[in-house]
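Below is one structure, written out as structure tokens, with a few remarks after it.
The values are calculated or read from the model by the stated rules, or taken from the named source; none is laboratory data. Just so it is clear, the model here is predicted, and its values are computed rather than measured. Virtual Cβ from ideal backbone geometry, glycine too; neighbours counted across all protein chains shown.
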Number of protein chains: 2
Amino acid sequence: MDMVVPPIGEVDLGQVFRALADPLRRAVVVELAADASDGERACSSFPMPVAKSTKTHHWRALREAGLIVQRDAGNGTFVRLRRAEFEQQFPGLLATLTALTR
Amino acid sequence: MDMVVPPIGEVDLGQVFRALADPLRRAVVVELAADASDGERACSSFPMPVAKSTKTHHWRALREAGLIVQRDAGNGTFVRLRRAEFEQQFPGLLATLTALTR
């Protein structure tokens, strides 16, 4: 089941920058953005050496910033980049982020 | 007298995003970036409807993110964008920010 995300038009640039300010969250976005096929990935496949509650917080911050969608499959949670909508709302930001974290 | 700023190489992208997450700070940067002459401006010329201590905090966040330099002239504080150095460290970010806040 897909988890709730805000309509992309309601996402504020401040939220996006707050989400990207954290290095673990930034690494997730850069890694997802590098996969041009926009495939779905298990959330557990991202290294996050933090407590479960902190992980939950990180994923929520990314959802609320319009950067990802998540699907709870019962046996795990899966994530993909919300690339097209995000790019429409914040053109160029993903490309700049990717270039800056190379 | 110029106020202390970090060497640009010590500025982390997370700090930059944290600084730009705030709408007042973002507005200052966008306004400074729009002036291609990189002229110095009185800090008081930026509308900041907040307490003095909050203003101080905002200016410090921008300094520590490598975005500005400030000069205390006794009769006021002046600011300019640290454009060349910032652009060298974070290429494309100012242009993307400007485009996104149009």
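General remarks:
- Residue count for the stretch B:44-57 satisfying the condition of being assigned to a helix (DSSP H, G or I) and surrounded by 16 or more Cβ atoms within 10 Å (Cβ to Cβ): 1.
- Residue match in the stretch A:46-60 (condition: in contact with a helix residue (DSSP H, G or I) (Cβ under 7 Å, 6 or more places away or on another chain), closer than 23 Å to B:ASP22 by Cβ and in contact (Cβ under 8 Å) with a residue 40 or more places away in the chain): no
- Residue match in the stretch B:74-81 (condition: hydrophobic (A, V, I, L, M, F, W, C), free of Cβ contacts under 8 Å to residues at least 12 places away in the same chain and over 30 Å from A:ARG102 (Cβ atoms)): no
- Qualifying residue in the stretch B:31-52 (condition: within 13 Å of another protein chain (Cβ to nearest Cβ) and modelled with pLDDT of 95 or more): no
- Any hit, the stretch A:58-77, residues being aromatic (Phe, Trp, Tyr), away from chain B (no Cβ under 11 Å) and in a loop (DSSP other than H, G, I, E, B): no
- Meets criteria (among the acidic types (Asp, Glu), closer than 23 Å to A:ALA21 by Cβ and either more than 11 Å from chain A (Cβ to nearest Cβ) or buried (at least 16 other Cβ atoms within 10 Å of the Cβ) (or both)) for B:GLU85: yes
- Qualifying residue in the stretch A:76-98 (condition: at positive phi and over 13 Å from the mean Cα position of the chain (by Cα)): yes
- Cβ-Cβ distances below 9 Å connect the following pairs, each with a first residue in the stretch A:11-32 that is closer than 14 Å to A:ALA95 by Cα, a second residue that is basic (Lys, Arg), and a separation of six or more residues or different chains: A:LEU20/A:ARG26; A:VAL30/A:ARG102; A:GLU31/A:ARG41; A:LEU32/A:ARG41; A:LEU32/A:ARG80; A:LEU32/A:ARG83.
- Residues in the stretch A:2-30 that are out of contact with any Lys or Arg (no Cβ under 7 Å at 6 or more places or on another chain), away from chain B (no Cβ under 11 Å) and outside any helix (DSSP H, G or I): A:VAL4, A:PRO6, A:PRO7, A:VAL11.
- If the condition is being more than 14 Å from B:VAL30 (Cα to Cα), of a type in the set (Val, Ile, Thr) and in contact with a Leu (Cβ under 9 Å, 6 or more places away or on another chain), then the stretch B:57-102 contributes only B:VAL69.
- Filter pass, A:VAL69 being farther than 16 Å from A:MET1 by Cα, touching a residue at least 24 places away in the same chain (Cβ under 8 Å) and out of contact with any His (no Cβ under 6 Å at 6 or more places or on another chain): no
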